Ligand SMILES: [Zn+2]
């Protein structure tokens, strides 16, 4: 069954938050991809690339070690546009059900004394890290999630018709 939604996200109206990007059914098991949008696309500057890379390492390490969630975490990684992250989890929870996890994850960055796995043996670009800026973005986003936890607008994407390219193909960005 084709579960790809026929809508696209209107990026001019996105605010930071936690959004369901897609739900896939693999052998009867649902897995959900979330967009964890950290900045407002095309309005705010995107996340500085070295800080983004450090946040990828620190939060992936947090999620994959969390005793309550590690078994459900399939993937954590940065968006190419540098405005947020993709999180893929087993099951199909509403975005609001994972807000506390993400608050804890981003809040944990302040306690990092170093970026885990940032040595050439473990990382493809070990010079590209910025822990100070990673802490700045992480605090800002954790504070934002805490203040907006009850605001439904941070969980629902503004939708528009999916873009069709000149040769009739549908456009996807992930
Ligand atoms: Zn790396």
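Every read-out reported here was derived from the displayed coordinates using simple, explicitly stated rules and does not represent laboratory data. For clarity, every value in this text was computed on a predicted model and none was experimentally measured. Cβ placement follows ideal geometry from the backbone for every residue including glycine, while neighbour counts extend to all protein chains displayed.
Computed from label points 7 Å out along Cα-Cβ, the spacing between residue 65 and residue 27 is 3.0 nm.
Specify the inter-centroid distance of the range 49-124 and the range 155-174, based on alpha-carbon positions, in whole Å. So the two Cα centres are separated by 26 Å.
For the chain, the 222 nm mean residue ellipticity estimated from helices alone, with every DSSP H stretch of n ≥ 4 adding -39500 (n - 2.57) and the total spread over all residues, rounds to -8500 deg cm²/dmol.
Normalised by the number of residues in the range 5-147, the mean separation of alpha-carbon contacts (under 8 Å, six or more apart) gives a relative contact order of 26 percent. With the simple model of a label 7 Å out from the Cα in the direction of the Cβ, residue 13 to residue 149 spans 2.8 nm.
Taking packing as the residue-averaged number of other Cβ atoms within 10 angstrom, the listed peptides 159-167, 89-97 run from highest to lowest as 89-97, 159-167.
Highest GNM mean-square fluctuation among 111, 24, 152, for the chain modelled with Cα contacts below 10 Å: 111.
Taking only Cα atoms, what is the 0 to 90° angle, nearest 10, from helix 131-148's long axis to the longest principal axis of the chain? For 131-148 against the chain, the angle is about 50 degrees.
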